[in-house]
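Reviewing the structure listed below.
The values are calculated or read from the model by the stated rules, or taken from the named source; none is laboratory data. What you see is a predicted model, and the numbers here were worked out from it, not measured in a lab. Neighbour counts are summed over all protein chains in view; Cβ atoms, including those assigned to glycine, are modelled from backbone coordinates with ideal geometry.
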């Protein structure tokens, strides 16, 4: 069967009055050819082959004056090929080329030489697409896929037919609801003034045809008009798609001429024709930025004839509606997307009356096809369709009533009410509920009330456009929801409020409610606040006769006065007050809450002294809260902490010794605001220790010095208060007197240097006791790397950190310099973590370590302990790696060549890049870690393969089974297999390995054996490419189930069908899979034939 070729050209459509426009064209060529049959060959039955080809393409942006910058994707309809041939027996011969074909898509141009070089057969070339169809072997497919000029290689798939769909836009305007209510637009005439309509399209009912141009008929040569017509009225016929009003009568008026231009005069002529046809609705998905007085008169004339006119706003992405949509007597339509947002391309403006779906709309298209297009051109016909449904639902309504109903029933989007984006909202189709006046609103009640507003709610009703609310002495309000907040009322006044439910038929009977607004809430104030009293007052309220005052929700005063003194309060405490104004019939809302905090109670002399102590403890960092003058548990604990820190007797009391020590520290000049000559020395020492204060230190102890002292204290575990007390000064002197600094000397310096080197901060190959500039520099690097204070001194914190790292194996979560070295070494061994290693020991590093440990027989825990490091160094020291020379390299090269990884015809002792590459290939092929080093694992694998009995010159009982299996798979060795593995066996093994893209060495290694076993245990099925498929096809052909005269190893759809036919004919499970039962039946029948 020859491949059907479909050529589709997409050219932008542009509808612009007085402007030349390009257009879309779709052409299809179909060729249905039957395979030649001899007179004797006939068929008992043949199944129908159905296929559908759908295509979608996006369309580019068009001219800035276009109202139809509509993006297109096209879908071809059902193309059904049927061959019926009678026969006396079941013998089907099908050309298998289609299922063997692969489709190759190139980047820029077709490269036929690439296909020829891989022994491919080219079947089809495409003129406009850099692609072709060809038959390729699996190996060739992989070669072609990897070519840089190729984008993709894909299978040739079968397509199937699809039924009718309802587009999202039709559903969004609720058209199916109208259909279920019996409204389908029947009897309504809609004129589509556009590029014409495909009158032969099976999904359209075109009853009128007119061309206003030099085109001979109204037939659509572009597709735009056909798409618009389908949105309005595509039939509900279980195919393609369905329009908003599927039973309307469509009148086609073509206004695009043979040059694909649309002129004002032709649009006027089309409107004139539509008036003569007495249509009910005109849709114009076209426009221009220029107004025409004559066109406006034509529109007004149609309007006078009770015709509703709908037009697209335009796709210029601007706040300007095109003509004719901008004319007053035309319903201007903007476009929305599936999220009910304004479409990005849609024009907007004051003229917008309603909105409708216009983004990615699927509808009918020329040549009996379907397409998906975006634009306001798609939104306008949705509105025309809804108007057709309204006309059928309300036949007694006149033009203006229908237009008003269209607005009133629209779903309000964006800001409340009409706006420049959506107009009155998204159009909605009618239902039966709108055929009667609604009931009176039920359960009208007050939701909330204040002195100047009231909120009402009532039960929701389904057949209501809006609610009308009348407020006595105030005015009328409208609401689209069953609720309303009425503001601007007078306080303490009675109102009668009446609510009506309204739709296009009329208003309901009223529901009324009387309300009394609240008294105005008083404003509460306070003055004269002490530690236990508050004076409260409020303004006089004319509508109130008395007041109720509350403190913390407790009533404390009720009376007619306008002030109150609240007494007996706690000191330093916050209280909340509010008040109500009342009379005999009414009340105010609760006033705003007024918060008051009482003052702190005055202290006694004893309390003042304790206050001073608490303040000192707070300054020194022993008390976390403000002073109170009260001796409590927190103060006692602070005193104990102070006494312990400074080596005093721990009593928790303010004794003489404690007070003396406290005062002494607080009076030191080494605190903020102090000044002393020794401050200069302090600043210099702090800078030496990495807590730099100033390049030119002076005697002043300021805020920056305080901050650096705090940092020092915090770093070395002292009380961080910023005061240079005795403990702080002692610690500074202790650190500066250590031998572990530049110029010092100590036996332990040797250990320090060795440890730094182990951690990736190398000092010396021959470390000694001197602590010189090099040692200081490496200590600084270590401190910087690990976030320590950088001073070059191996202080207690630095040494503790070094010892911690030395005693702790590297593991997940570490951030260490030696992790970089670890990753580099692992990478050399084939356990790559990163091309740019960092000091972070993360999940990837842990997994690489686990893999290394598992591979070399260590405990696999991801922790780099001594055994793991030793194994890493051992493998890296192997003499069998790139750059080394060793006698064993000769034997290695010879063995690799025997296994199909040829290195050299004259092997020598040098282990170079070629040897490294061959070792890598060997390791990759046999699933080893690829590092190019002939480590113990690699050498063991080589010896294992060469020791197999399945190698030339060996003998083994299992060789008989091997030969039988090869023969079963289409690689025949012998009719009487024996135990000898000779040259013939080796040759067939090599053929098998070559066919299945294995390493060709003639040895049945574990990979070759696994492939043989897999093929033997796996039934042949669709998609296979196997040598024994040829044998299968030959056998099926002998039994009358012919697949091809020239069988290939490809198991495609035709092979699958032949197997299914065989299975069905002989009572087997018909699944197209060649399982054991199927093969046994084939062999049984063939043995009977012989």
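Here is a check on your reading of the model: is residue 800 over 32 Å from the mean Cα position of the chain (by Cα), over 23 Å from residue 692 (Cβ atoms) and either in the same structural domain as residue 743 (by TED's automatic domain parsing) or exposed (fewer than 14 other Cβ atoms within 10 Å of the Cβ) (or both)? The answer is yes for residue 800. At pLDDT below 95 and surrounded by fewer than 19 Cβ atoms within 10 Å (Cβ to Cβ), is that true of residue 726? Yes.
Summed over segment 884-904, residues that are free of Cβ contacts under 8 Å to residues at least 60 places away in the same chain and either not in a loop (DSSP other than H, G, I, E, B) or not assigned by TED's automatic domain parsing to the domain that holds residue 938 (or both) total 11.
Please pick out the residue among 738, 699, 705 that is touching a strand residue (DSSP E or B) at 6+ places or on another chain (Cβ under 6 Å) and in contact (Cβ under 8 Å) with a residue 24 or more places away in the chain.
Working: 738 fails: touching a strand residue (DSSP E or B) at 6+ places or on another chain (Cβ under 6 Å); 705 fails: touching a strand residue (DSSP E or B) at 6+ places or on another chain (Cβ under 6 Å).
Selected residue: 699, the only one of 738, 699, 705 that is touching a strand residue (DSSP E or B) at 6+ places or on another chain (Cβ under 6 Å) and in contact (Cβ under 8 Å) with a residue 24 or more places away in the chain.
In segment 181-205, of all residues being surrounded by fewer than 23 Cβ atoms within 10 Å (Cβ to Cβ) and free of Cβ contacts under 8 Å to residues at least 60 places away in the same chain, the one that is farthest from residue 258 (Cα to Cα) corresponds to 205.
Take residue 608 and decide whether it is farther than 19 Å from residue 525 by Cβ, in contact with a strand residue (DSSP E or B) (Cβ under 9 Å, 6 or more places away or on another chain) and touching a residue at least 12 places away in the same chain (Cβ under 8 Å). Let's see the steps before the verdict.
Details: farther than 19 Å from residue 525 by Cβ: yes; in contact with a strand residue (DSSP E or B) (Cβ under 9 Å, 6 or more places away or on another chain): no; touching a residue at least 12 places away in the same chain (Cβ under 8 Å): yes.
So residue 608 fails the test.
Scan segment 292-332 for residues that are surrounded by fewer than 19 Cβ atoms within 10 Å (Cβ to Cβ) and without any contact (Cβ under 8 Å) to a residue 40 or more places away in the chain and the total you get is 13.
Listed here are the residues, each with its yes/no results for (1) assigned by TED's automatic domain parsing to the domain that holds residue 265; (2) part of a loop (DSSP other than H, G, I, E, B); (3) modelled with pLDDT of 95 or more; (4) over 22 Å from residue 261 (Cβ atoms).
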site: 282; (1), (2), (3), (4): yes, no, yes, no
site: 299; (1), (2), (3), (4): yes, no, yes, no
site: 314; (1), (2), (3), (4): yes, yes, yes, no
site: 320; (1), (2), (3), (4): yes, yes, no, yes
site: 334; (1), (2), (3), (4): yes, no, yes, yes
site: 346; (1), (2), (3), (4): yes, yes, yes, yes
site: 356; (1), (2), (3), (4): yes, no, yes, yes
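Quickly run through segment 1017-1027 and pick out the residues that are under 24 Å from residue 141 (Cα atoms) and either surrounded by fewer than 15 Cβ atoms within 10 Å (Cβ to Cβ) or out of contact with any helix residue (DSSP H, G or I) (no Cβ under 7 Å at 6 or more places or on another chain) (or both).
Selection gives 1018, 1019, 1021, 1023, 1024.
I'd like the residue in segment 118-139 that is surrounded by 13 or more Cβ atoms within 10 Å (Cβ to Cβ) and out of contact with any strand residue (DSSP E or B) (no Cβ under 8 Å at 6 or more places or on another chain) and, out of all such residues, is modelled with the highest pLDDT. Give the derivation first.
The initial filter retains those residues of segment 118-139 that are surrounded by 13 or more Cβ atoms within 10 Å (Cβ to Cβ), namely 118, 120-126, 130-139.
Those left that are additionally out of contact with any strand residue (DSSP E or B) (no Cβ under 8 Å at 6 or more places or on another chain): 118, 139.
On the way: 118: 92, 139: 88.
The selected residue is 118.
Look through segment 860-873, keep the residues that are assigned to a helix (DSSP H, G or I) and touching a helix residue (DSSP H, G or I) at 6+ places or on another chain (Cβ under 9 Å), and return whichever of them is surrounded by the most Cβ atoms within 10 Å (Cβ to Cβ). Out of the qualifying residues, it is 868. Only one entry of 1041, 1062, 992, 1051 meets the criterion of being buried (at least 19 other Cβ atoms within 10 Å of the Cβ) and in contact with a strand residue (DSSP E or B) (Cβ under 6 Å, 6 or more places away or on another chain), and that entry is 1051.
The listed residues are 787, 792, and the only one of them that is outside the structural domain of residue 929 (by TED's automatic domain parsing), surrounded by fewer than 16 Cβ atoms within 10 Å (Cβ to Cβ), in a loop (DSSP other than H, G, I, E, B) and more than 38 Å from the chain's Cα centre (by Cα) turns out to be 787.
Check segment 211-226 and report whether any residue there is within 16 Å of residue 367 (Cβ to Cβ), touching a helix residue (DSSP H, G or I) at 6+ places or on another chain (Cβ under 9 Å), in the same structural domain as residue 386 (by TED's automatic domain parsing) and assigned to a helix (DSSP H, G or I). Yes, there is a match, as at least one residue in segment 211-226 is within 16 Å of residue 367 (Cβ to Cβ), touching a helix residue (DSSP H, G or I) at 6+ places or on another chain (Cβ under 9 Å), in the same structural domain as residue 386 (by TED's automatic domain parsing) and assigned to a helix (DSSP H, G or I).
Against the condition in a strand (DSSP E or B) and closer than 30 Å to residue 439 by Cβ, how does residue 548 come out, does it pass?
On the way: in a strand (DSSP E or B): yes; closer than 30 Å to residue 439 by Cβ: no.
For residue 548, the condition - in a strand (DSSP E or B) and closer than 30 Å to residue 439 by Cβ - is not met.
Condition first: crowded, with 21+ Cβ neighbours inside 10 Å and part of a strand (DSSP E or B). Now tell me which residues in segment 662-719 satisfy that. The one that is crowded, with 21+ Cβ neighbours inside 10 Å and part of a strand (DSSP E or B): 701.
Being touching a helix residue (DSSP H, G or I) at 6+ places or on another chain (Cβ under 6 Å) and buried (at least 24 other Cβ atoms within 10 Å of the Cβ) is the filter; apply it to segment 333-344 and report the residue that is nearest to residue 388 (Cα to Cα). Top of the filtered list is 333. Restricting to segment 475-508, name every residue that is over 17 Å from residue 417 (Cβ atoms), touching a strand residue (DSSP E or B) at 6+ places or on another chain (Cβ under 8 Å) and either part of a loop (DSSP other than H, G, I, E, B) or modelled with pLDDT under 90 (or both). Within segment 475-508, 482, 488, 489, 491, 492, 493, 508 qualify. If we scan segment 933-940, do we find a residue that is part of a helix (DSSP H, G or I) and within 46 Å of the chain's Cα centre (by Cα)? The answer is yes; a qualifying residue exists.
Each row is one residue, and each column tells you yes or no for (1) closer than 15 Å to residue 378 by Cβ; (2) at pLDDT 95 or above; (3) out of contact with any strand residue (DSSP E or B) (no Cβ under 7 Å at 6 or more places or on another chain).
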| position | (1), (2), (3) |
| --- | --- |
| 206 | no, yes, no |
| 211 | no, yes, no |
| 219 | no, yes, yes |
| 231 | yes, yes, no |
| 238 | no, no, yes |
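It is to be established whether one or more residues within segment 259-267 are over 29 Å from residue 300 (Cβ atoms), surrounded by 24 or more Cβ atoms within 10 Å (Cβ to Cβ) and modelled with pLDDT under 95. No.
Regarding segment 1005-1013, can at least one residue be identified that is in contact with a helix residue (DSSP H, G or I) (Cβ under 8 Å, 6 or more places away or on another chain), in contact (Cβ under 8 Å) with a residue 40 or more places away in the chain and part of a loop (DSSP other than H, G, I, E, B)? There is at least one residue in segment 1005-1013 that is in contact with a helix residue (DSSP H, G or I) (Cβ under 8 Å, 6 or more places away or on another chain), in contact (Cβ under 8 Å) with a residue 40 or more places away in the chain and part of a loop (DSSP other than H, G, I, E, B). Across segment 422-441, the qualifying residues are those that are surrounded by fewer than 18 Cβ atoms within 10 Å (Cβ to Cβ) and modelled with pLDDT of 90 or more, and the one among them that is nearest to residue 302 (Cα to Cα) is 439.
Under 25 Å from residue 711 (Cβ atoms), modelled with pLDDT under 90 and outside the structural domain of residue 843 (by TED's automatic domain parsing), is that true of residue 782?
Working: under 25 Å from residue 711 (Cβ atoms): yes; modelled with pLDDT under 90: no; outside the structural domain of residue 843 (by TED's automatic domain parsing): yes.
For residue 782, the condition - under 25 Å from residue 711 (Cβ atoms), modelled with pLDDT under 90 and outside the structural domain of residue 843 (by TED's automatic domain parsing) - is not met.
The rows are residues; the columns are (1) at pLDDT 95 or above; (2) loosely packed, with under 15 Cβ neighbours inside 10 Å; (3) at positive phi.
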{"site": "405", "(1), (2), (3)": "no, no, no"}
{"site": "408", "(1), (2), (3)": "no, no, no"}
{"site": "417", "(1), (2), (3)": "no, yes, yes"}
{"site": "443", "(1), (2), (3)": "yes, yes, yes"}
{"site": "457", "(1), (2), (3)": "yes, no, no"}
